[in-house]
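For reference, the structure is listed below as structure tokens.
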Amino acid sequence: MTNNVRNMSDTVVSKAESMAGTVKDKAYELRDKASEFGETMSEKAKMMSDKASTTMHTVSDKASNAMHSVSDKASAAMGTVTEKANMAMTSMGESMTGLAETIREKAPGAVAPYARRAAASLEQAGTYLEQGTIGDMVDDITGLVHRHPLLVLITGLGLGFMLARKRNS
């Protein structure tokens with residue numbers, strides 16, 4: 001019986017060693033497949049990252065080009081508006097200067113001194129409009145607001161009040 005037990009024991013040990021070898025081989029095989037899978041996934045992730053980066057740059061370039069185009073069109077439109085406003089100011093200035101001359105020529109004797117002063121003021125305003133630009137006018141108004149803020153505030157409130165009354169009547 002001892003021989004039987006010993007034979008059985010040897011058989012069990014032999015089968016265990018064989019199974020351990022098989023498990024070990026399968027573990028190595030599984031490790032190799034996992035490594036290959038990791039490398040494949042890493043390559044695919046890099047390709048996706050590169051594609052996303054390229055797409056992002058393309059979209060960014062297109063957005064930048066669109067912004068430049070809009071900016072250029074807005075600048076051109078603003079230039080046209082400014083040019084037309086400057087032309088209108090010049091025309092108004094010429095009309096005011098002409099009106100000043102007419103007032104000087106046709107003012108009757110008793111009111112002539114007052115008419116000449118009014119004509120001089122009208123001519124001065126006309127010259128300002130003829131020779132100036134919208135930018136000059138904005139700069140002058142900005143300077144006036146800085147020099148006399150209270151006066152500008154009161155004038156604005158007064159004009160607003162008068163316009164509101166005119167609108168309600």
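The numbers here are math on the coordinates, done by the rules we state, and not lab data. Just so you know, these numbers come straight off a predicted model, no measurement behind them. Here the Cβ positions follow ideal geometry from the backbone for every residue, glycine too, while neighbour counts run over all protein chains shown.
Per-residue ellipticity at 222 nm, computed for the chain from helices alone with -39500 (n - 2.57) per DSSP H run of at least four residues, works out to -35000 deg cm²/dmol. The string of couplings for the range 16-33 from the Karplus curve (6.51, -1.76, 1.60, θ = phi - 60°) is 5, 5, 5, 5, 4, x, 5, 4, 4, 4, 5, 5, 4, 4, 5, 4, 5, 5 Hz, one whole number per residue in order, with x for Gly and Pro. For volume of the Cα convex hull per residue in Å³, which listed value, (i) 95; (ii) 160; (iii) 311, comes from the coordinates shown? Looking at volume of the Cα convex hull per residue in Å³ for this model, the match is (iii).
May I ask you to derive the relative contact order of the range 2-132, considering only C-alpha pairs under 8 Å and at least 6 residues apart, and to give it as an integer percent? Spell out each step's value before the answer.
On the way: 48 pairs, mean separation 27.7, N = 131.
Rounded, it is 21 percent for the range 2-132.
Which trypsin sites (Lys or Arg not before Pro) in the range 130-169 sit in a loop by DSSP (not H, G, I, E or B) and have at most 12 other Cβ atoms within 10 Å of their own Cβ?
Details: sites: Arg147, Arg165, Lys166, Arg167; in loops: none.
Hits after loop and neighbour filter: nothing returned.
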